[in-house]
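S.K.: Questions regarding the structure given below will be posed in turn.
The values are calculated or read from the model by the stated rules, or taken from the named source; none is laboratory data. Since the model is a prediction, treat every value here as computed from it, not as a measurement. A quick note on method: Cβ atoms are made from the backbone with ideal geometry, for glycine too, and the neighbour counts reach across all protein chains shown.
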Amino acid sequence: MFTFYWPWLGLLAFLPVLIRLIFPECKIKAEDNIPQIRFPALQKISNVFPSYNSNTQKHNLWFVTLISLIWLALVIAVMRPQMVDKFTYVKNKGYDLMLAVDISGSMKALDFSTNDKIVSRLDVTKQVVSNFVKERQGDRVGLILFGEQAYLNVPLTLDTLSVSEMLNNSVSGMAGDATSIGDAIGTAVTNLRNQNKGSRVIILLTDGEDTASSIPPIEAAKIAKQYGIRIYTIGVGKNGLVPYPNGMGGVSMVQMSMDETLLEKIANITNGKYFRATNKDALSSIYAEINKLEKTESKSKEYMVREPLYRYPLGVATGLLLILVMFNLYRRSRYGF
């Protein structure tokens, strides 16, 4: 859509006319005592140079026309013409879901591997989340990735496919090898607290041991409860000796433990539930729990992409000004004035 950013500046187009009305051209009155030179052969000279007056009149007409076009082009430029594309998200009812996914070093554990396929904890998590978000059409889903640090990877969006793709691009250990469950909850609460009440949910997927949080997970859960945000926790992994890549192309057995008690407490504090992810269908029981909540209506948002076009009238004004200068130079070289 074509529009002007400052259309009211179009009034400047009438500024020269206004100035002419306020300051009219000075005319020499007959009664003014101005000395005049009378030359008896003036008519003969005029006949010898008949093109002088006509060329002068034509020059004045061209001059006024070019100046007017230059001024008009400059006025259009300062009005800031632009092409605007509007993108509007229509209102819809759904849930505000923030997925907090553990990508710490412990998620490299291979305890979900089979004889046919080597699968890490993060691989299983990616599969679970992908299946989950495909079922959340109409919901606003965000993604937080955490390890030693927690950060917002995808803000709340209706584009659930992007959430799945961003998670699939993540790698274990890219946020540090430690695990900060409390910080992940705190980041999720920060991004959900200003949303409509009634359908704000945090889904926390982790191997269940907090080792690096600056905010204790239980305190973070209490803050979430104050804002009416429910937390569903999902434990990924097994306790005991589990296979783990040793960095030299091989696999070693490493002792790991999952703090299921912590995950259960976090869920209970916020009236959520704890689930144990043991296969790709582990989240199916969460669908019914979330669907019991009251859906809220998202606000309609409008985004505008502007392409400025002022350079075109500005270029026209520059070109006309160049023509005016060249015309005056040509006139002087040919007629001597």
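S.K.: Pick out the one residue from Val201, Val171, Val189 that is assigned to a helix (DSSP H, G or I) and in the same structural domain as Ile103 (by TED's automatic domain parsing).
M.R.: After applying the criteria, what remains is Val189.
S.K.: Name every residue in the range 118-162 that is assigned to a helix (DSSP H, G or I) and of a type outside the set (S, T, N, Q), in order of residue number.
M.R.: Answer for the range 118-162, where residues must be assigned to a helix (DSSP H, G or I) and of a type outside the set (S, T, N, Q): Arg121, Leu122, Asp123, Val124, Lys126, Val128, Val129, Phe132, Val133, Lys134, Leu161.
S.K.: Please pick out the residue among Asp139, Asp123 that is more than 27 Å from Ile215 (Cα to Cα) and under 26 Å from the mean Cα position of the chain (by Cα).
M.R.: Asp139
S.K.: Could I ask something else about it? For residues in the range 166-198 being of a type in the set (Ser, Thr, Tyr) and within 21 Å of the chain's Cα centre (by Cα), which is surrounded by the fewest Cβ atoms within 10 Å (Cβ to Cβ)?
M.R.: The extreme case among them is Thr190.
S.K.: Looking for whichever is assigned by TED's automatic domain parsing to the domain that holds Tyr312, under 26 Å from Leu320 (Cα atoms) and modelled with pLDDT of 80 or more here; the options are Leu15, Leu72. Which one fits?
M.R.: Leu72
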